[in-house]
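*Asks:* Please find one structure pasted underneath; my questions will follow.
The values are calculated or read from the model by the stated rules, or taken from the named source; none is laboratory data. Computed from a prediction, not measured in an experiment: that's the story for all the values here. In this analysis, Cβ positions are derived from the backbone assuming ideal geometry, glycine residues included, and neighbour counts consider all displayed protein chains. Side chains included, ligands, DNA and RNA excluded: accessible areas come from the protein's heavy atoms. Shrake-Rupley method; radii C 1.70, N 1.55, O 1.52, S 1.80 Å.
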Amino acid sequence: MSNQNQLVSKVDWITVSLYALFVLAGWMNIYSAVYNPETHLWIFDAKFYDSNAGKQLIWMGTSLILIICIFAIDFRFFEAFAPIIYASFIGLLVLVPFLGVTINGSHSWFKFGTITIQPAEFAKTATALLLAKYINEPQVNLSKWKNQWIAAAIIGLPMILIIASNETGSALVFASFLILLYREGLPGEYPGLFIGSVTIFVSALLLSPWTILATLIVIAGIIIALSPIYVQRLKQTYTKAALFIVGIMFMVFLVDLAVNKVLKEHQRNRIKVLIDPSFDPRGLGYQVTQSKIAIGSGGFWGKGYLQGTQTKFDFVPEQSTDFIFCTIGEEHGFFGVMVVILLFVAFLWRLMYLADQQRSRFARAYGYGVVGILFFHFLVNIGMTIGLMPIMGIPLPFFSYGGSSLWSFTILLFIFLKLDSHRSDMLSR
């Protein structure tokens, strides 16, 4: 059997099939989101390629070329050149504030004629590669402070540069690398601290400081009362409880300070809309409200393909990009929404399974980086459309319109599938 046939036989075709299904379903929903029954353009019409559906079809074709290129490259290239790939995109992130253009309030794009590219999307893949390479070093132990700080620096540098380009949503995606680090030995206190910080942040937005303080005192009192062992060290217990409460309250006031003094007005408004959609009924609140109306109007089975009235009359802004999930909900209903969610869960589970099968720590770590990024996008995008997350410009992987988005997700995924196809050729660690 030739090397080419061996490679084809080792590719995980289940994952490839799910990818193809998502991309095709995404294009159909983009077509529906921009469909105009009066013009009724088809793919054979030149003007069709002026629409998002036509442009996405071109991005899909070029994505196929990218996949072929990835499989033509030696699998060892990605680990060997990870530092160069990372440094290249760091350089682009440094240049984009000076040479880039502003689109939708974000100065994070390079424009080449009619084509716009967002380097922040590709920086996620570059960071995942370098982080996996660093973790694969024999001396690296993520339970040590030094190694933790180096890993944090690898993640933090692109985050800072992306935030400087006013693209906070893309920067937050880098928090998903906690999944990779935890899988590779990061102590559980760090994910716990992250979850706790998010909980405190949300609580500080929804509740008054006095309500939070009263709740903490009650919880501490119940824990002390139900733990007789603490009676022998009552003074120490009260001191620790008091310090814990003071620490949390300090964080609560920091959240208030950050929201009102540090965040920009449009970022503050997104948070306020999350709490109260009626805050900005003609702006961000309108977008979230119409999104929920569109999804809810689909009922159980949906209105049918190309039959969504909310979609056809452009009630939801950015529906073919960040809010593509609305089209799924309106036209395919609760049933269609659940099918998409379950397929995504199966897709992520499959990737985790493949990651755990890797003999190389580099491939395994990179695989979990892929899982974390896709999971974050999936969770936040759907959360945005149903009003559970603030609007932050996070696309739904493989579904949302956008060349940078589709290219970056395709490269991210197929580098891992390339590594997986050479699983038996890698040294185990």
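*Asks:* Got a sec? Which of Asp50, Asp45 is exposed (fewer than 13 other Cβ atoms within 10 Å of the Cβ) and at pLDDT below 85?
*Replies:* Result of the check over Asp50, Asp45: Asp50.
*Asks:* Hey, can you tell me all the residues within the range 80-115 that are more than 18 Å from Gly156 (Cβ to Cβ) and within 20 Å of the chain's Cα centre (by Cα)?
*Replies:* Matches in the range 80-115: Ile103, Asn104, Gly105, Ser106, His107, Trp109.
*Asks:* Sticking with this one: Output the number of residues of the range 189-213 satisfying the condition of being outside any loop (DSSP other than H, G, I, E, B), loosely packed, with under 13 Cβ neighbours inside 10 Å and free of Cβ contacts under 8 Å to residues at least 24 places away in the same chain.
*Replies:* Here is the first cut: in the range 189-213, the ones outside any loop (DSSP other than H, G, I, E, B) are 189-206, 209-213.
Now restrict to residues that are loosely packed, with under 13 Cβ neighbours inside 10 Å: 189, 192-193, 195, 197-199, 206, 210-211.
Now narrow it down to the ones that are free of Cβ contacts under 8 Å to residues at least 24 places away in the same chain: 189, 192-193, 195, 198-199, 210-211.
Number of matching residues: 8.
*Asks:* Between residues in the range 48-75 that are farther than 18 Å from Phe398 by Cβ and among the aromatic types (Phe, Trp, Tyr) and residues that are open to solvent by less than 50 Å² (accessible area, probe 1.4 Å) and part of a helix (DSSP H, G or I), which pairs lie under 6 Å by C-beta distance while being six or more apart or on different chains?
*Replies:* Partner pairs satisfying both residue conditions: Phe48/Gly54; Phe71/Lys418; Phe75/Lys418; Phe75/Leu419.
*Asks:* Phe22: over 30 Å from Ile160 (Cα atoms), out of contact with any helix residue (DSSP H, G or I) (no Cβ under 6 Å at 6 or more places or on another chain), modelled with pLDDT of 85 or more and aromatic (Phe, Trp, Tyr), yes or no?
*Replies:* Yes; evaluated as a whole, the condition is true for this residue.
*Asks:* Of Pro83, Pro97, Pro138, which residue is modelled with pLDDT under 90, more than 30 Å from Tyr35 (Cα to Cα) and open to solvent by 40 Å² or more (accessible area, probe 1.4 Å)?
*Replies:* On inspection, the qualifying residue turns out to be Pro97.
*Asks:* Condition test on Leu186, is it surrounded by 13 or more Cβ atoms within 10 Å (Cβ to Cβ) and within 18 Å of the chain's Cα centre (by Cα)? So that I can check it myself, show each step before the final result.
*Replies:* On the way: surrounded by 13 or more Cβ atoms within 10 Å (Cβ to Cβ): yes; within 18 Å of the chain's Cα centre (by Cα): no.
No: the conditions fail for Leu186.
*Asks:* Counting only residues that are assigned to a helix (DSSP H, G or I) and touching a residue at least 12 places away in the same chain (Cβ under 8 Å), which one in the range 349-363 is most open to solvent (accessible area, probe 1.4 Å)?
*Replies:* That would be Met352.
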